[in-house]
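Participant: Before we start, here is the structure in question, set down as structure tokens.
The values are calculated or read from the model by the stated rules, or taken from the named source; none is laboratory data. The structure presented is a predicted model; accordingly, all values stated were derived computationally and were not measured. Using ideal geometry, Cβ is built from the backbone for each residue, glycine included, and neighbour counts are taken over all protein chains shown.
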Amino acid sequence: MDFRFTPEQEQFRDSARRFAEKHLAKGARERAHAADYPWDVAKLMAAQGLLGITIAEADGGQGGTLIDAVIAIETVASTCPRSADVVQAGNFGPIRVLAEYGTPQQKEKYLKPLLAGESVISVGMTEPEAGSAVTDLQTTATPDGDGYRVNGSKVFTTHSTHAQVILAYVRYGPGVDGIGSLLVDTKAKGVRFGKRSKFMSGEEWAQIYFENVFVPADMVVLKEGGFKKQIAGFNVERIGNAARSLALGRYAYEAARQWAMQRRQKLAAGQLLLYRAAANGDRGFPSVEETAIAKAFCNQTGFDVANDALQVMGGLGYTQEDLVEYCVRRCRGWMIAGGSIEILKNRIAEAVFERSFSQRPDAVR
Ligand SMILES: Cc1cc2nc3c(=O)[nH]c(=O)nc-3n(C[C@H](O)[C@H](O)[C@H](O)COP(=O)(O)OP(=O)(O)OC[C@H]3O[C@@H](n4cnc5c(N)ncnc54)[C@H](O)[C@@H]3O)c2cc1C
């Protein structure tokens, strides 16, 4: 199989990269630690054509392929990992199920704002008693007039605290064949959220309770027997999930590589300070100030670089199979031995301010 990108895909990747560098590079760190959904990013992406990449043009999407969407998520993640979640939400998640199986009316009401980056949709599958075994789900949809009464609860729902609508997996009847889905507006009467919690990633979620929620019949996406179709749509979500895992792994790898290169510069700086102190020595005795600067800097840098190297090497770095852990231990000692870094900083301060500072506490009176 040939995985080379077409010239059009290369072009698309370049434009996504330029977009990410221009709009997402700044603030990437803050975004990663913020609990809120990055709405500003969603709107920018909508304008750039990064939402609904695989959705038909007739439905307001871009009419592209799944690979195009993967290119988008990888490219965005390489600049701003958190923003990749917006690509996920706008291309890989329940939005695809809605675009695939939704009625024109449902698309008009919900798909349009999703593609405009003004709304987000969650998928409510998991329940307190149905996780991996999702077909054990207990949320029911019972016919009532021209709609259904929905009762049950969903947990761990991504974007649950931000979503305007939930694609809820429900049970119309017993067994796997009884499972289907419908759209529940989060503002509907009877929809209640439990206390807000956080995933380890920092993303917020809250348990969702459906308490006799009336859902009109025209909000049904898939009736009984729709489970297989839904899971087919969910596989798209899994591609986005896998793409983000890989992209964030690559992001961390690049960060470590750049970190190591930056540390090399610090080593080079220490080298110059050391050579300066040694070369300027009068009859072989280096000056107090230059020696203090060189030692404090080299002690700290040597330790930091060795410690980072240990981390980069993982478990092996922490064993005695290699000399890295030895370097860490030795460097740590030199931060104390031969004039600790603190004492050297005192020496440097004396040179800067051209006076001596007493290193003794005032005599006890
Ligand atoms: C970050 C995050 C986001 C999520 N977003 C959503 C969302 O948007 N919508 C949604 O509906 N759900 C969401 N979930 C829930 C997720 O789908 C479930 O957590 C998942 O399906 C596992 O279910 P569980 O937590 O009940 O664990 P369990 O199913 O109880 O599993 C516990 C452990 O047992 C293992 N296990 C279970 N069954 C088997 C088996 N048969 N063989 C071997 N091992 C097994 C599991 O692998 C796991 O390690 C999210 C979860 C996380 C962590």
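Participant: For segment 304-331, enumerate the residues that are more than 30 Å from the chain's Cα centre (by Cα) and either within 18 Å of R257 (Cα to Cα) or of a type in the set (G, A, S) (or both).
Facilitator: Hit for segment 304-331 is V324, nothing else.
Participant: While we're here: Quickly run through segment 150-172 and pick out the residues that are within 11 Å of the ligand (Cβ to nearest atom) and aromatic (F, W, Y).
Facilitator: Listed by number, the residues that qualify are F156, Y169.
Participant: Looking only at segment 103-115, how many residues end up being of a type in the set (S, T, Y) and within 16 Å of the ligand (Cβ to nearest atom)?
Facilitator: 0
Participant: Which is of a type in the set (A, V, I, L, M) and touching a Leu at 6+ places or on another chain (Cβ under 6 Å), of A116, A84, A89, A130?
Facilitator: Answer to the check: A130.
Participant: Do the conditions hold for A206, that is, is it of a type in the set (G, A, S) and over 19 Å from E127 (Cα atoms)?
Facilitator: On the way: of a type in the set (G, A, S): yes; over 19 Å from E127 (Cα atoms): no.
Criteria not met by A206.
Participant: Which number in (1) small (G, A, S); (2) in a helix (DSSP H, G or I); (3) touching a Gly at 6+ places or on another chain (Cβ under 9 Å) marks the one condition that A168 misses?
Facilitator: (2)
Participant: Which condition number does I239 fail, the rest of (1) β-branched (V, I, T); (2) modelled with pLDDT under 95; (3) within 14 Å of the ligand (Cβ to nearest atom) being met?
Facilitator: Status for I239: all satisfied but (3).
Participant: I've got another one for you. Hey, could you check segment 116-131 for residues that are under 24 Å from the mean Cα position of the chain (by Cα), more than 7 Å from the ligand (Cβ to nearest atom) and over 16 Å from L167 (Cα atoms) and say which is surrounded by the most Cβ atoms within 10 Å (Cβ to Cβ)?
Facilitator: G117
Participant: Further, regarding this structure: Would you check which residues across segment 1-59 are part of a helix (DSSP H, G or I), over 28 Å from A163 (Cβ atoms) and not charged (D, E, K, R) and list them?
Facilitator: P7, Q9, Q11, F12, S15, listed by residue number.
Participant: Regarding A46, is this residue away from the ligand (no atom under 16 Å from the Cβ), buried (at least 18 other Cβ atoms within 10 Å of the Cβ), within 30 Å of N212 (Cβ to Cβ) and not basic (K, R)?
Facilitator: Details: away from the ligand (no atom under 16 Å from the Cβ): yes; buried (at least 18 other Cβ atoms within 10 Å of the Cβ): yes; within 30 Å of N212 (Cβ to Cβ): no; not basic (K, R): yes.
No; evaluated as a whole, the condition is false for this residue.
Participant: Name the residues in segment 179-205 that are surrounded by 19 or more Cβ atoms within 10 Å (Cβ to Cβ), within 24 Å of Y37 (Cβ to Cβ) and modelled with pLDDT of 95 or more, would you?
Facilitator: Within segment 179-205, S181, L182, L183, V184 qualify.
Participant: On to the next question. Working only within segment 132-149, note down all residues that are in contact with a strand residue (DSSP E or B) (Cβ under 6 Å, 6 or more places away or on another chain) and within 15 Å of the ligand (Cβ to nearest atom).
Facilitator: Quick first cut of segment 132-149, residues in contact with a strand residue (DSSP E or B) (Cβ under 6 Å, 6 or more places away or on another chain) only: 136-142, 147-149.
Once the filter is applied, which keeps residues that are in contact with a strand residue (DSSP E or B) (Cβ under 6 Å, 6 or more places away or on another chain) and within 15 Å of the ligand (Cβ to nearest atom), segment 132-149 yields D136, L137, Q138, T139.
Participant: Here is a further query. What are the residues in segment 324-355 that are surrounded by 11 or more Cβ atoms within 10 Å (Cβ to Cβ), in a loop (DSSP other than H, G, I, E, B) and either free of Cβ contacts under 8 Å to residues at least 24 places away in the same chain or on the phi > 0 side of the Ramachandran plot (or both), if any?
Facilitator: Result: I336, G338, G339, S340.
Participant: Here's something else I'd like to know. When segment 278-290 is examined, which residues are found to be modelled with pLDDT under 90 and under 12 Å from I348 (Cβ atoms)?
Facilitator: S287, V288
Participant: While we're on this one: Is one or more of the residues making up segment 277-290 touching a residue at least 60 places away in the same chain (Cβ under 8 Å), in contact with a strand residue (DSSP E or B) (Cβ under 7 Å, 6 or more places away or on another chain), surrounded by 13 or more Cβ atoms within 10 Å (Cβ to Cβ) and in a helix (DSSP H, G or I)? Even if it seems obvious, please write down each step before you answer.
Facilitator: Initial filter on segment 277-290 (touching a residue at least 60 places away in the same chain (Cβ under 8 Å)): 288-289.
When the remaining residues are screened for being in contact with a strand residue (DSSP E or B) (Cβ under 7 Å, 6 or more places away or on another chain), the result is none.
Within segment 277-290 (the criterion being touching a residue at least 60 places away in the same chain (Cβ under 8 Å), in contact with a strand residue (DSSP E or B) (Cβ under 7 Å, 6 or more places away or on another chain), surrounded by 13 or more Cβ atoms within 10 Å (Cβ to Cβ) and in a helix (DSSP H, G or I)), the answer is no, since none of the residues qualifies.
Participant: Identify the single condition in (1) hydrophobic (A, V, I, L, M, F, W, C); (2) near the ligand (Cβ under 10 Å from one of its atoms); (3) surrounded by fewer than 18 Cβ atoms within 10 Å (Cβ to Cβ) that V176 does not satisfy, given that it satisfies every other one.
Facilitator: (2)
Participant: If I ask for residues that are within 22 Å of A69 (Cβ to Cβ) and either β-branched (V, I, T) or modelled with pLDDT under 95 (or both), which ones from segment 102-121 would you list? Break it down into steps so the answer makes sense when it comes.
Facilitator: Looking only at segment 102-121, we keep the residues that are within 22 Å of A69 (Cβ to Cβ), and these are 102, 106-107, 110-121.
Correct list: V120, I121.
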